[in-house]
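The values are calculated or read from the model by the stated rules, or taken from the named source; none is laboratory data. The shown structure was predicted, so the numbers you read here are calculated from the model rather than taken from an experiment. Because the Cβ atoms are built from the backbone with ideal geometry, glycine has one as well, and the counts that use them run over all protein chains shown.
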Amino acid sequence: MEFVNHPLKPIYNKNSRILILGTMPSVKSREKNFYYAHPKNRFWLILEILFHEKILNKEEFLLNHGIALWDVLATCTIEGSNDASIKNALPNDLIKIIKASQINIIFTTGKTAFKYYNKFFKDTIHLPVICLPSTSPANCKIKIEELIKEYEIIKNYVF
């Protein structure tokens with residue numbers, strides 16, 4: 001078990017309309033200093049397919065489409081990248097992003113992010129929340145086609 005202090009800044013601006021939340025950056029994401037950086041994570045591939053666009057600059061892509069990206073947790077103890085091992089979790093300040101943007105819906109990437117979102121924010125943030133399946137390589141039982149179908153909903157809320 002390792003204590004992890006969230007190392008990545010949130011990505012958002014005043015035009016962000018949706019917030020996509022993971023749990024905590026994986027080991028690879030922490031090493032590469034960016035979200036969903038494991039080469040087998042399908043997050044960026046799904047967005048490329050949904051938006052029919054090659055993503056050259058990930059942060060620019062997100063902001064151009066009204067997508068904010070962060071994680072529910074600010075700190076925790078975790079074994080590697082295993083969300084199921086998380087203990088001693090404390091939340092990020094999601095309210096600051098919501099107040100500084102036009103976010104009207106929140107999506108979580110996986111059940112653990114959804115669980116911690118509800119634990120920390122269910123009574124304070126009054127926006128719809130949809131739990132999408134994890135794009136992690138650890139969730140390889142869900143095929144890319146199924147993930148694309150599930151993630152299509154985000155296109156209803158962005159530009």
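Key figures
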| quantity | calculated |
| --- | --- |
| Failed criterion for residue 120 (all others in (1) part of a helix (DSSP H, G or I); (2) at pLDDT 95 or above; (3) closer than 20 Å to residue 41 by Cα; (4) not charged (D, E, K, R) hold) | (3) |
| Boolean, residue 15 is surrounded by fewer than 17 Cβ atoms within 10 Å (Cβ to Cβ), touching a residue at least 12 places away in the same chain (Cβ under 8 Å) and among the polar types (S, T, N, Q) | yes |
| First in region 61-80 and farther than 29 Å from residue 50 by Cα, second anywhere and of a type in the set (A, V, I, L, M, F, W, C) and surrounded by 17 or more Cβ atoms within 10 Å (Cβ to Cβ), Cβ under 7 Å, 6 or more apart | 75/4; 76/4; 76/24; 76/86; 76/89; 78/4; 78/24; 78/86 |
| Selection from region 30-49 of residues that are of a type outside the set (D, E, K, R) and either free of Cβ contacts under 8 Å to residues at least 40 places away in the same chain or within 21 Å of residue 101 (Cβ to Cβ) (or both) | 33, 34, 35, 36, 37, 39, 43, 44, 47 |
| Residue, nearest to the chain's Cα centre (by Cα), within region 26-68, restricted to residues that are surrounded by fewer than 20 Cβ atoms within 10 Å (Cβ to Cβ), assigned to a loop (DSSP other than H, G, I, E, B) and among the charged types (D, E, K, R) | 40 |
| Residue match in region 111-128 (condition: over 16 Å from residue 25 (Cβ atoms) and among the aliphatic types (A, V, I, L, M)) | yes |
| Count of region 124-142 residues which are outside any helix (DSSP H, G or I), at pLDDT below 95 and more than 15 Å from the chain's Cα centre (by Cα) | 3 |
